[in-house]
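Following: one structure in C-alpha cells, then a few remarks.
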Amino acid sequence: MTSEEGGPDVTGRLADKVIVVTGGTRGLGRHMVQTFVDEGAHVTLIGRNADDGNQVVAELAGRLGSAHFARGDISVEADVAGAFAAVAERWGRLDGVVANASGYQDNAPHDGLLSEMSLDGWNQIIASDLTGTFLTVKHALQAMCAGNGGSVVTLASQHAIRGVNGAAGYSAAKGGVIALTHNVASYYARYDIRCNCIAPGVTRTGGEYLEALLDHPVQGPPIWDVHLGRVGQPEDVSYAATYLLADESRQVNGVILPVDGGAVSASHFRRPVAPDLPQYERKRTRAPEF
C-alpha cells in the first residue's frame, strides 16, 4: 500500500511515534524494540554494549519503523541526558519511553534477606533498578513537557506486589518504581503525559538460569502453580507495552498492570476443596490442581 504522496503507507499501531527503550539490547527490551519497530515506531534503544546495540539495529533494518542505538549506562545521568539529547536532535520530539533496563541478573548475588544484606549491595541494586528508572523518566518528562506530551511505561515486577523471600533489595527497588509511576501519573497529566507500569511475572527470555529453575524438581512446580500452567513469553510483555504506548490507551493513566498469568492473584494456600468441575474438560494441564 502507498500513500497519496506515493510513499509507503505506515499503518502500524505505533506509526511514526518516537520511542526510547532502555535495556533494549537483550531480553524483554530487545523483544519490545522489535515489536515497536514492526508497529511503525522510530525506536532509540539505550544500552551499555555497542556491539549488541548495533546488531539489533542491523537486524531491524527495512522494517516498518526504524531502530537506532545510543550507548549509555542508565545509572549515569550524563549518559541518559546525552541519549535523550540525541533523540531530540534526530526527531525533534519524544512520544514514548519504556524504562525497562534492570540489573536483576547482575545484582542477584548482592540481594537476599534484609538483615543479611550489605549496604554496598543494597546501593547497587537501588542504583540500577530504581535510580536508573528515575533518571530515564526524568529526562523523558522534560522532553515530553516541552513537546506534545506522551506515554511513559515503567517496568516493575511481581516482587513489588507480593512478598518474595530472599529478594529484599529488588523488591524494594521495584516497589519504588510503582510509587514513582503513581506520582508521575498524578502530576504530569496536566502536560498530557500518561504514566503506567507493567509488572511482569516469570517470563521466558532465553536465560539458562530460568529454564533450569522451571525444570527443577523442587523449585519448579511452585512456579508453574502460581502461573496457572503457563509461563510468560516476551511477546506477552511487548503486547502490553504496545497498548500502553498507543493512542488506544489514551484514557489509561496510573495503572499497574501485572502480566504474570494471574500469579499475584493466586493464593499460596493449597486447599483440596476445589477440584476440577466434572462437566468441563480441563484446558491447561499444568494449572494448579487445587
Which condition number does G53 fail, the rest of (1) surrounded by fewer than 17 Cβ atoms within 10 Å (Cβ to Cβ); (2) over 25 Å from E248 (Cα atoms) being met? (1)
Taking only pairs six or more apart or across chains, which ones have beta-carbon atoms under 9 Å, a first residue in the range 56-76 that is charged (D, E, K, R) and in a helix (DSSP H, G or I), and a second residue that is modelled with pLDDT of 95 or more and buried (at least 20 other Cβ atoms within 10 Å of the Cβ)? E59/Q34; E59/A67
Yes or no: the range 205-216 includes at least one residue that is in contact (Cβ under 8 Å) with a residue 40 or more places away in the chain and either in contact with a Lys or Arg (Cβ under 8 Å, 6 or more places away or on another chain) or surrounded by 15 or more Cβ atoms within 10 Å (Cβ to Cβ) (or both). yes
Matching residues, the range 135-148, being touching a Phe, Trp or Tyr at 6+ places or on another chain (Cβ under 7 Å) and more than 25 Å from V259 (Cβ to Cβ): H139, A143, C145
Restricting the search to the range 220-238, which residues are at pLDDT below 85 and not basic (K, R)? P221, P222, I223, W224, D225, V226, H227, L228, G229
Can you pull out the residues in the range 19-38 that are crowded, with 24+ Cβ neighbours inside 10 Å and not in a helix (DSSP H, G or I)? I19, V20, V21, T22, G23, G24, T25
Scanning the range 251-290 for residues that are assigned to a loop (DSSP other than H, G, I, E, B) and of a type in the set (S, T, Y), which turns out modelled with the lowest pLDDT? S267
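So, in the range 230-250, exactly how many residues are basic (K, R) and part of a helix (DSSP H, G or I)? Working first, answer last.
Within the range 230-250, the subset basic (K, R) is 230, 250.
Those still in the list that are part of a helix (DSSP H, G or I) too: none.
So the answer is 0.
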Residues that are out of contact with any helix residue (DSSP H, G or I) (no Cβ under 6 Å at 6 or more places or on another chain) and outside any loop (DSSP other than H, G, I, E, B), drawn from the range 99-127: Y104, Q105, D106, A108, P109, S115, E116, L119, D120, N123, A127
Within the range 175-227, can you find the residues that are touching a helix residue (DSSP H, G or I) at 6+ places or on another chain (Cβ under 7 Å), within 21 Å of G262 (Cα to Cα) and assigned to a helix (DSSP H, G or I)? G175, V177, I178, L213, L214, G220, I223, V226
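When the residues of the range 41-50 are filtered to those that are small (G, A, S) and buried (at least 21 other Cβ atoms within 10 Å of the Cβ), which remaining residue is nearest to A246 (Cα to Cα)? Break it down into steps so the answer makes sense when it comes.
Keep residues of the range 41-50 that are small (G, A, S), which gives 41, 47, 50.
Going one step further and asking which of them are buried (at least 21 other Cβ atoms within 10 Å of the Cβ), we end up with 41, 47.
Values: A41: 10, G47: 24 Å.
Looking at residues that are small (G, A, S) and buried (at least 21 other Cβ atoms within 10 Å of the Cβ), I get A41.
Every residue in the range 140-174 that is outside any helix (DSSP H, G or I) and within 17 Å of A99 (Cα to Cα), please. Walk me through it before giving the result.
Of the range 140-174, the ones outside any helix (DSSP H, G or I) are 147-157, 161-167.
Passing the criteria: G149, G150, S151, V152, V153, T154, L155, A156, S157.
The values are calculated or read from the model by the stated rules, or taken from the named source; none is laboratory data. Computed from a predicted structure; not experimentally measured. Note: ideal-geometry Cβ built from the backbone for every residue, glycine included; neighbour counts use all protein chains shown.
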